[in-house]
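Chemist: Quick one: the structure is below, questions incoming.
The values are calculated or read from the model by the stated rules, or taken from the named source; none is laboratory data. A quick note: this is a predicted structure, and the numbers were derived from the prediction, not measured. Please note: Cβ atoms are built from the backbone with ideal geometry, for glycine as well, and neighbour counts cover all protein chains shown.
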Amino acid sequence: MDAFSIHGGQRLTGTISVDGSKNASLPLLAASLLTNQQVSYDCVPVLSDITNMGRLLEELGSTVSRDGEKLTVRTVNESKSHARYDIVRTMRASVCVLGPLLARRGEVRVSMPGGCAFGDRPIDLHLRGLEALGAKIELEGGDIIARAERLHGATIFLGGPFGSTVLGTANVMSAATLAKGKTIIEQAACEPEITDLAILLNAMGANITGAGTPRITIEGVDELGGATHTVMPDRIVAGTWAIAAAMTNGDVVIDRFPLDHLLAVTDVLSSVGVHVQQTDTSQDPKSCTVQVVSDRSLQPVMFTTQPYPGFPTDLQAQMMALLCFSTGNSIITEKIYPERFMHVPELSRMGAKLVRQGSTVMVQGVSRLVGAPVMASDLRASASLVLAGLAAEGETIVSRVYHLDRGYAAMETVLKKLGANITRIADEQIVDGLPVVETVPAKKLVQTDS
Ligand code: EPU
């Protein structure tokens, strides 16, 4: 398991561009299972989660070819409908094949995803939605088996104890495209990734209106065909880069920045004293160029994570790292995943002053963080540790970089381009979380620039 060595203190400056969205790409790729025609994608990020989804599609009878950020999928064999445990366990989002397979093949077997590093993540709402469309669902040997000769339209309330569900909405909306009659999803997730999925499905011949609002209406059709789609920019990656610039008092220009999808985040940043300015107002604010600069003194804030358009849970950890440098006490409340705080003890090891009570953390600003060996067990928590390392004094070693490779394409290359002192260290050079650079020839250190 590779690690990052970061020597903090460099001010980030320069220009970077945001890749396509991972969380949009996964259900978009799963939607290819709704047709036997070719579906082509552009701006697909080069990430291990995308590779895993490609493998899953191949196991399910698709041919998948990739050329840089272009990806083409064509389903050639529709006889297999089993998403096995070894794939689902490495990537929970595999569950988004459930709706498309059920709708197209009449039967699907998907291993039940377990909990994840930040707590219980049930899929009861996905199943309730598919049952409302007429699926018969049972659990056998840890697998969900869903069957339906032909789904039928229904009115479905998809709200749960934590609000809407993103992949649940994706599953039900995708399945309903091939159902007989009209489906209404009430309290649908409003996330931009759902809108992106609806754009592709409509291009394939579906009839979906209202995506991006809490009520989505789908008029079922008999068949879907091929299409070409450009994946939206990744709002979480974009937000992470903006916070990285702020952490280092930097001056960074970010292209393909989905400003319109990050208003809750730029609002918090602006209260902190970080300015995210669109440089050319004639550009579409869903993908535009912004400049990020910060005032020297950062103000404390209070924010709560919420479903879109609220502050995204996927940027909570990164914002916490930034608030460690504010001049006062900030309050962060996590309303989507109340246990999503694995970064708290690790940031504390770097000198952060954090007090957690249930789903709330008080961040007491400090004048400095100090480098330390740290590790986290999920993607966004790991990202917050990298950000903290960029601003900390001395060396920070962030272990288990494979978490970051799931969601940030060549993170170290992007940060290096902005002037960060960050190096990837190969697995065999790390013992007990620390690099053993003195005892091995320098050439054995792996620097990944691709
Ligand atoms: N929930 C239920 N029942 C369900 C489904 C969800 O109670 O059937 C609860 C969850 O436990 C959670 C809340 O509803 O408290 C929202 O979960 P949601 O279903 O929206 O999450 P998801 O669709 O599984 C996606 C992203 C996550 C992101 C969440 C919330 C993908 C592949 N994943 O997950 O992204 O945190 O939405 O915005 O789109 C990440 O990228 O690091 C990541 C974890």
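Chemist: Residues of the stretch 271-328 being under 22 Å from the mean Cα position of the chain (by Cα) and part of a helix (DSSP H, G or I), which ones?
Modeler: Correct list: Thr313, Asp314, Leu315, Gln316, Ala317, Gln318, Met319, Met320, Ala321, Leu322, Leu323.
Chemist: Residues in the stretch 161-170: is at least one farther than 22 Å from Thr209 by Cα, within 11 Å of the ligand (Cβ to nearest atom) and either part of a loop (DSSP other than H, G, I, E, B) or not hydroxyl-bearing (Ser, Thr, Tyr) (or both)?
Modeler: yes
Chemist: Answer yes or no: is there a residue in the stretch 117-125 that is more than 13 Å from the ligand (Cβ to nearest atom) and modelled with pLDDT under 95.
Modeler: Within the stretch 117-125, none of the residues are more than 13 Å from the ligand (Cβ to nearest atom) and modelled with pLDDT under 95.
Chemist: Could you tell me which of the residues Ile199, Ile236, Ile243 is in a helix (DSSP H, G or I) and touching an Asp or Glu at 6+ places or on another chain (Cβ under 8 Å)?
Modeler: Step by step, each of Ile199, Ile236, Ile243 is checked, and only Ile236 is in a helix (DSSP H, G or I) and touching an Asp or Glu at 6+ places or on another chain (Cβ under 8 Å).
Chemist: Here is a list: Leu47, Leu28, Leu56. Which entry is within 16 Å of the ligand (Cβ to nearest atom) and touching a His at 6+ places or on another chain (Cβ under 8 Å)? Spell out how you get there, then give the answer.
Modeler: Numbers: Leu47 fails: touching a His at 6+ places or on another chain (Cβ under 8 Å); Leu56 fails: touching a His at 6+ places or on another chain (Cβ under 8 Å).
When all the criteria are applied, what remains is Leu28.
Chemist: While we're on this one: Filter the stretch 105-153 down to the residues that are farther than 30 Å from Asp378 by Cα, touching a strand residue (DSSP E or B) at 6+ places or on another chain (Cβ under 6 Å) and part of a loop (DSSP other than H, G, I, E, B) and list them by number.
Modeler: Gly134, Ala135, Arg150, Gly153 - these are the residues of the stretch 105-153 that are farther than 30 Å from Asp378 by Cα, touching a strand residue (DSSP E or B) at 6+ places or on another chain (Cβ under 6 Å) and part of a loop (DSSP other than H, G, I, E, B).
Chemist: Within the stretch 329-356, how many residues turn out to be under 21 Å from the mean Cα position of the chain (by Cα) and either among the polar types (S, T, N, Q) or in a loop (DSSP other than H, G, I, E, B) (or both)?
Modeler: Here the count works out to 10.
Chemist: Can you pull out every residue in the stretch 73-105 that is buried (at least 19 other Cβ atoms within 10 Å of the Cβ), within 15 Å of Asp143 (Cα to Cα), among the hydroxyl-bearing types (Ser, Thr, Tyr) and away from the ligand (no atom under 16 Å from the Cβ)?
Modeler: Correct list: Ser81 only.
Chemist: Would you mind finding the one in Ala352, Ala420, Ala376, Ala392 that is within 18 Å of Cys116 (Cα to Cα) and out of contact with any Pro (no Cβ under 6 Å at 6 or more places or on another chain)? First the steps, then the outcome.
Modeler: Details: Ala352 fails: within 18 Å of Cys116 (Cα to Cα); Ala420 fails: within 18 Å of Cys116 (Cα to Cα); Ala392 fails: within 18 Å of Cys116 (Cα to Cα).
Among Ala352, Ala420, Ala376, Ala392, only Ala376 is within 18 Å of Cys116 (Cα to Cα) and out of contact with any Pro (no Cβ under 6 Å at 6 or more places or on another chain).
Chemist: Another question about this same structure. For Gly212, only one of the following conditions fails: (1) under 22 Å from Val95 (Cα atoms); (2) touching a residue at least 24 places away in the same chain (Cβ under 8 Å). What is its number?
Modeler: Unmet for Gly212, out of (1) under 22 Å from Val95 (Cα atoms); (2) touching a residue at least 24 places away in the same chain (Cβ under 8 Å): (2).
Chemist: Counting just the residues of the stretch 357-373 that are assigned to a loop (DSSP other than H, G, I, E, B) and closer than 24 Å to Arg296 by Cα, which one comes out nearest to the ligand (Cβ to nearest atom)?
Modeler: Selected residue: Leu369.
Chemist: Of the numbered conditions (1) on the phi < 0 side of the Ramachandran plot; (2) within 16 Å of the ligand (Cβ to nearest atom); (3) of a type outside the set (Asp, Glu), Lys70 satisfies every one except a single condition; which is it?
Modeler: Evaluating Lys70 over (1) on the phi < 0 side of the Ramachandran plot; (2) within 16 Å of the ligand (Cβ to nearest atom); (3) of a type outside the set (Asp, Glu) leaves (2) as the failure.
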